[in-house]
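Input: a single structure, listed below in structure tokens.
The values are calculated or read from the model by the stated rules, or taken from the named source; none is laboratory data. Computed from a prediction, not measured in an experiment: that's the story for all the values here. Counting neighbours? That spans all protein chains shown, and the Cβs are built from the backbone with ideal geometry, glycine included. Remember, those area values only see protein heavy atoms, side chains included, never the ligands or the DNA or RNA. Shrake-Rupley method; radii C 1.70, N 1.55, O 1.52, S 1.80 Å.
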Amino acid sequence: MKNYFIELENCINLKRLEELRISVLGKKGELAKEFANMKNLEPSQRKDVAKELNKIKQEFAKKLEEKRLELEEKAVEDGMLNEKIDISLINGKLELGGYHPVVETMNRIIDYFQKMNFSVEEGRMVEDDFHNFEALNLPKHHPARDMQDTFYFADHHLLRTHTSPVQIRTMEREKPPIRMIAPGTVFRRDFDLTHTPMFHQVEGLVIENGKKVSFANLKFILQDFLHHMFGEVEVRFRPSFFPFTEPSAEVDISCVFCEGDGCRVCSHTGWLEVLGCGMVDENVLKAVQYEDVSGYAFGLGVERFAMLIHRIPDLRSLFEGDLRLLEQFQR
Ligand code: DAH
């Protein structure tokens, strides 16, 4: 028994304490055994032994209780030390972030075309004259090449003015069939109400061997895409010109502000221009040595889409990083 008292004295946790209680005071414990052994004693001895055993039992129980209180107190103290509250932490509600409207719009566009089995190509932001202009059938005198519009580096490189050069890079690298989009940043020397020097475009290109691709294919996918982005709108194709497509079209949707009645945003026409597109020009195909293929291409400005979807009146507010605006786009 002496050992049990020493162990009790040295016990440092409540679990061990309970084990000790069971091995000493429990039904099959040390003391119960001693009491049972009494039947082997002379009846005259039993009384004294029983008295002694009861004394030990009481003493052990008392010491055990004291130890329990001591250990319980210590456990509470340890708990408080370990779970100490850091009052320097900000105690506000957890703010959820959200995507910037341009990123969110870009993601929706990419998502649509990925589901339509288009690959996503990247290209490069620093381009050369050949990929940004020449191969896209933009002749030497074309106004887009003007210093007024393009950021040039000293070594004849430039910041790409559109995502169309990714068409060229992809065709140079791969054989038809091609089905790609190129989302990305583009740069122009422009800054006013409706222009910023950096903005985002998504380019699209589909090329098949033979004469498989028609304007009807282009029309179908763009109509479906615009309904995906803007919901129930009218879509119209208007003949236009781009050096890299022939025939070319600009695509309008019925004004999302006045639903076609005419308002300031649509210059009282009832229509908003959202896309440029067309069948890939022969000269572009020649520049990448493609023969006997057909294809279509399109390009759009992501900021414009974001503004029309979210009814944001001023393009520049997309680049100011004003949290009061951005918080409205939290998810
Ligand atoms: N690259 C044109 C721009 O920046 C957009 C564009 C128009 C791209 C028609 C195309 C296209 O691929 O077919 O304004």
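Couple of notes before you dig in:
Conditions (1) over 22 Å from ALA135 (Cβ atoms); (2) in contact (Cβ under 8 Å) with a residue 60 or more places away in the chain; (3) more than 11 Å from the ligand (Cβ to nearest atom); (4) open to solvent by 10 Å² or more (accessible area, probe 1.4 Å), marked per residue:
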residue: LYS175; (1), (2), (3), (4): no, no, yes, yes
residue: ARG179; (1), (2), (3), (4): no, yes, yes, yes
residue: LEU193; (1), (2), (3), (4): yes, yes, yes, yes
residue: GLY204; (1), (2), (3), (4): no, yes, no, no
residue: PHE215; (1), (2), (3), (4): yes, yes, yes, yes
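- Residue list for region 273-311, restricted to those being within 9 Å of the ligand (Cβ to nearest atom) and open to solvent by 30 Å² or more (accessible area, probe 1.4 Å): none
- Qualifying positions in region 31-48 - touching a residue at least 12 places away in the same chain (Cβ under 8 Å) and open to solvent by 50 Å² or more (accessible area, probe 1.4 Å): GLU34, PHE35
- Only one of VAL76, VAL102, VAL49 that is among the hydrophobic types (A, V, I, L, M, F, W, C) and under 30 Å from LEU326 (Cα atoms): VAL102
- Among the residues here, PHE225 does not qualify as at pLDDT 95 or above and touching a Pro at 6+ places or on another chain (Cβ under 8 Å).
- Looking across region 50-89, the residues that are closer than 17 Å to LYS2 by Cβ and either charged (D, E, K, R) or touching a residue at least 12 places away in the same chain (Cβ under 8 Å) (or both) come down to GLU52, LEU53, LYS55, ILE56, LYS57, GLU59, PHE60, ALA61, LYS62, LYS63, LEU64, LYS67.
- From THR170, THR185, residue being more than 11 Å from the ligand (Cβ to nearest atom), in the same structural domain as GLU246 (by TED's automatic domain parsing) and in a strand (DSSP E or B): THR185
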